[in-house]
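For reference, the structure is listed below as structure tokens.
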Amino acid sequence: MIADHGIRGLRVEEVAAAAGVSTSLLYYHFKNRAGLVNAAFEYANEQAPSTALRVASDRRSGYEALESALLAELDDAPEVRDYSVVWGDVCANAVFDPDLRAGVRQVTRSWRDTLTGAIERGTADGSIRSEIDAEEAADMLVTLIEGFSVRWLAGSLELARARELLLRAMQTLRPSSAR
């Protein structure tokens with residue numbers, strides 16, 4: 001419902017009706033509207049394509065797995081687009097709603113940690129430069145994906161261009177012999 005109407009248009013009563021449960025049951029499980037929004041944000045994060053990075057792949061290098069997962073975050077498949085909309089809307093609303101900030105910090109940290117692990121796998125297998133600070137690079141990649149997603153969803157950047165720019169930025173992770 002957030003992907004369809006945004007957080008501002010989210011009504012707990014409508015969520016309860018769509019789920020076929022009572023409003024009081026939602027409040028019991030989520031305590032308040034912010035709890036419901038944070039749970040939706042966590043769910044969107046868990047469904048995001050880059051969660052595949054949590055499982056190491058023997059078939060691809062660390063760089064290849066990272067590149068594939070991040071490109072999948074910029075995809076116009078309806079479910080990926082919906083998760084991107086939820087992510088962007090929750091982050092934007094957290095600017096004005098302190099009840100959302102802790103959830104945004106936690107989920108963003110989790111995503112950054114996932115990317116950090118993938119980058120570390122790439123440095124271990126030589127597909128990512130060994131001198132790369134994995135956590136710093138992960139923070140930059142999270143920021144790039146968030147920015148590209150917002151611009152793509154808002155119509156100010158074509159999806160193909162966002163993917164192209166992401167690939168160009170990611171090349172800086174590669175050893176010079178692989179660029």
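From the list ALA34, ALA40, exactly one residue is under 20 Å from ASP99 (Cβ atoms) and within 14 Å of the chain's Cα centre (by Cα). Which is it?
On the way: ALA34 fails: within 14 Å of the chain's Cα centre (by Cα).
Matching residue, one of ALA34, ALA40: ALA40.
Figure legend. Inter-residue proximity from segment 9-27: first residues open to solvent by less than 70 Å² (accessible area, probe 1.4 Å), second residues assigned to a loop (DSSP other than H, G, I, E, B) and modelled with pLDDT of 90 or more, beta-carbon distance below 8 Å, spacing 6+ or different chains. Indicated pairs: ALA16/SER22.
Considering only segment 88-133, state which residues are polar (S, T, N, Q), closer than 23 Å to ALA154 by Cβ and in contact (Cβ under 8 Å) with a residue 60 or more places away in the chain.
Passing the criteria: only ASN93.
Only one of the listed residues (ARG101, ARG151, ARG163, ARG105) is more than 28 Å from PHE30 (Cα to Cα), basic (Lys, Arg), under 19 Å from the mean Cα position of the chain (by Cα) and open to solvent by 80 Å² or more (accessible area, probe 1.4 Å). That residue is ARG151. Each residue in segment 109-126 was checked for being open to solvent by less than 50 Å² (accessible area, probe 1.4 Å) and either modelled with pLDDT under 95 or not β-branched (Val, Ile, Thr) (or both), and 9 pass.
If I filter segment 28-80 down to residues being basic (Lys, Arg) and without any contact (Cβ under 8 Å) to a residue 40 or more places away in the chain, which single residue comes out as most open to solvent (accessible area, probe 1.4 Å)?
Restricting attention to segment 28-80, the residues satisfying the condition of being basic (Lys, Arg) are 31, 33, 54, 59-60.
Then keep just the ones that are without any contact (Cβ under 8 Å) to a residue 40 or more places away in the chain; that gives 31, 33, 59-60.
Working: LYS31: 167, ARG33: 81, ARG59: 217, ARG60: 102 Å².
So, considering only residues that are basic (Lys, Arg) and without any contact (Cβ under 8 Å) to a residue 40 or more places away in the chain, the one most open to solvent (accessible area, probe 1.4 Å) is ARG59.
Within segment 134-159, residues that are free of Cβ contacts under 8 Å to residues at least 60 places away in the same chain sit with their Cβ atoms under 6 Å from residues that are open to solvent by less than 70 Å² (accessible area, probe 1.4 Å) and hydroxyl-bearing (Ser, Thr, Tyr), at 6+ positions apart or across chains, in these pairs: ALA134/THR116; GLU135/THR116; ALA138/THR116.
The values are calculated or read from the model by the stated rules, or taken from the named source; none is laboratory data. Note that the coordinates shown come from a computational prediction; the quantities given were computed from them, not determined experimentally. FYI the Cβ positions are ideal-geometry reconstructions off the backbone, even for glycines, and counts take in every protein chain you see. Please note that ligands, DNA and RNA were not included when accessible areas were found on the heavy atoms of the full protein model with its side chains. Shrake-Rupley method; radii C 1.70, N 1.55, O 1.52, S 1.80 Å.
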